[in-house]
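*Asks:* Structure provided below as structure tokens; questions to follow.
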Amino acid sequence: MQHKGDHPPALYIGIMTIALVSVGHAAIFVRIADADPIVVAAFRLGIATAVLAPVTLFFAYSGLRALTRRELRLIAGAAVFLALHFATWIASLDFTSIANAVVLVTLSPVWLALYGVVILRVQSGHRMWFSIALAIAGSVIIAVGSAAGGSTSLFGDGLALAGGIFIAGFLLIAQKARQTVDLLPFVTLVYGFAAALLWIAVIALGLPVAGLSGTTYGAMIALALISQVIGHTGINWAVRAIPPTLLAIAILGEPVLSSLFGWAYFGEGIGWPTALGGVLILAGIWLGTRAGGALPSKTGQIG
């Protein structure tokens with residue numbers, strides 16, 4: 001892993017751009033894959049683990065051997081939340097629009113900020129509460145717009161919200177684990193544990209994994225290799241040298257890119273409730289980061 005200053009800034013920005021485009025395609029690949037959401041999530045994390053495992057064994061084997069029981073418990077706990085995140089968020093795309101799903105799941109920094117204020121009693125000013133209120137107001141507007149279109153879309157919105165809550169839980173545990181665990185051992189094990197949980201669910205529920213279309217298998221492989229391995233790994237590599245303000249802008253650009261891809265590939269329009277609500281949510285998250293709130297963690301990203 002290179003340190004800040006080892007490469008020109010343009011390289012980090014270029015890698016971040018490629019990574020965001022890769023992650024932004026996650027919803028597109030999910031839409032193309034005609035399989036149960038749990039199956040899609042299991043393939044996504046299973047393939048990513050298979051790709052990362054040999055790399056980790058070669059470059060970070062000593063880090064794997066040095067893991068303590070406490071660290072393994074933290075990684076396992078984070079994996080539970082990660083598995084729930086992918087299962088609920090991927091499922092949300094069966095019921096609501098890409099724009100709604102990617103915007104609502106982006107609320108994870110808001111849940112982290114609320115956790116800090118309510119549970120940890122972290123001191124916060126009026127700007128923080130205003131940013132939280134903006135994000136919640138945006139969510140309500142999106143929900144009202146979905147309710148007008150029927151209960152199905154509203155259910156999908158709820159799944160996306162749940163996905164954001166689960167990724168917030170993942171980030172809280174991951175932050176503790178990453179204090180002592182290097183990136184490669186962490187992501188490989190957390191992906192592997194989460195994949196194992198999802199495959200257990202696939203088997204227990206008797207979900208079909210054989211006989212799917214070639215397009216579906218291709219979409220799931222692309223989801224794992226492009227969105228998970230290239231996208232997430234690229235972000236985690238690039239954030240080490242990108243200023244926090246630029247990082248915040250980049251992360252907030254992910255739902256915008258995904259929404260634009262949804263329009264470009266599937267002709268999905270973005271209704272005014274989603275547009276207005278999305279602007280309020282992203283503005284709330286931006287103001288929250290400027291006010292000293294929770295930033296998306298460097299240990300993992302959504303989508």
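The values are calculated or read from the model by the stated rules, or taken from the named source; none is laboratory data. Because the structure is a prediction, the values reported are computed rather than measured. Using ideal geometry, Cβ is built from the backbone for each residue, glycine included, and neighbour counts are taken over all protein chains shown.
*Asks:* From the list ALA26, ALA53, ALA42, pick out the single residue that is under 13 Å from the mean Cα position of the chain (by Cα) and under 30 Å from GLY206 (Cβ atoms).
*Replies:* Just a single option satisfies the conditions, and that option is ALA26.
*Asks:* Now for a different question. At negative phi, surrounded by 24 or more Cβ atoms within 10 Å (Cβ to Cβ), under 11 Å from the mean Cα position of the chain (by Cα) and not hydrophobic (A, V, I, L, M, F, W, C) - does that describe any residue in segment 89-102?
*Replies:* no
*Asks:* Right, next: Restricting the first residue to segment 201-214 and requiring it to be closer than 22 Å to VAL80 by Cβ, which pairs with a second residue that is in a loop (DSSP other than H, G, I, E, B) meet a Cβ separation below 7 Å and a spacing of at least six or different chains?
*Replies:* Pairs that qualify, where the first residue is closer than 22 Å to VAL80 by Cβ and the partner is in a loop (DSSP other than H, G, I, E, B), are VAL202/VAL209; LEU207/ASP36.
For every residue, the table says whether it meets (1) touching a Leu at 6+ places or on another chain (Cβ under 8 Å); (2) hydroxyl-bearing (Ser, Thr, Tyr); (3) on the phi < 0 side of the Ramachandran plot.
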position: ALA168; (1), (2), (3): yes, no, yes
position: THR180; (1), (2), (3): no, yes, yes
position: LEU197; (1), (2), (3): no, no, yes
position: ALA204; (1), (2), (3): no, no, yes
position: VAL209; (1), (2), (3): no, no, yes
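*Asks:* For segment 31-43, check the following and say yes or no: at least one residue is under 22 Å from ALA177 (Cβ atoms) and out of contact with any Phe, Trp or Tyr (no Cβ under 8 Å at 6 or more places or on another chain).
*Replies:* No - not one qualifying residue is present in segment 31-43.
*Asks:* Further question: If ARG121 passes every condition in (1) over 21 Å from the mean Cα position of the chain (by Cα); (2) more than 21 Å from THR96 (Cβ to Cβ); (3) in a helix (DSSP H, G or I) but one, which one does it miss?
*Replies:* (3)
*Asks:* Could you tell me whether any residue of segment 173-190 is of a type in the set (Asp, Glu) and within 19 Å of the chain's Cα centre (by Cα)?
*Replies:* no
*Asks:* Output the qualifying pairs, or none if there are none: Cβ atoms under 8 angstrom, residues six or more apart or on different chains, first residue in segment 150-165 and in contact (Cβ under 8 Å) with a residue 12 or more places away in the chain, second residue among the acidic types (Asp, Glu).
*Replies:* Qualifying pairs under 8 Å: GLY156/ASP94.
*Asks:* Keeping to segment 203-225, report how many residues are surrounded by fewer than 20 Cβ atoms within 10 Å (Cβ to Cβ) and either among the β-branched types (Val, Ile, Thr) or assigned to a helix (DSSP H, G or I) (or both).
*Replies:* Selection size over segment 203-225: 11.
*Asks:* Which pairs have Cβ atoms under 7 Å, sit 6 or more apart or on different chains, and link a residue in segment 12-36 that is closer than 10 Å to ALA219 by Cα to one that is among the polar types (S, T, N, Q) and not in a helix (DSSP H, G or I)?
*Replies:* From segment 12-36, the pairs are ASP34/SER213.
*Asks:* Look through segment 249-288, keep the residues that are buried (at least 17 other Cβ atoms within 10 Å of the Cβ) and aromatic (Phe, Trp, Tyr), and return whichever of them is modelled with the highest pLDDT.
*Replies:* PHE261
*Asks:* Restricted to segment 177-200, and to residues that are part of a loop (DSSP other than H, G, I, E, B) and in contact (Cβ under 8 Å) with a residue 60 or more places away in the chain, which residue is surrounded by the most Cβ atoms within 10 Å (Cβ to Cβ)?
*Replies:* VAL181
*Asks:* Could you figure out which of (1) in contact with a Pro (Cβ under 8 Å, 6 or more places away or on another chain); (2) buried (at least 20 other Cβ atoms within 10 Å of the Cβ); (3) under 15 Å from GLY192 (Cβ atoms) isn't true of ALA83?
*Replies:* Against the list (1) in contact with a Pro (Cβ under 8 Å, 6 or more places away or on another chain); (2) buried (at least 20 other Cβ atoms within 10 Å of the Cβ); (3) under 15 Å from GLY192 (Cβ atoms), ALA83 comes up short only on (1).
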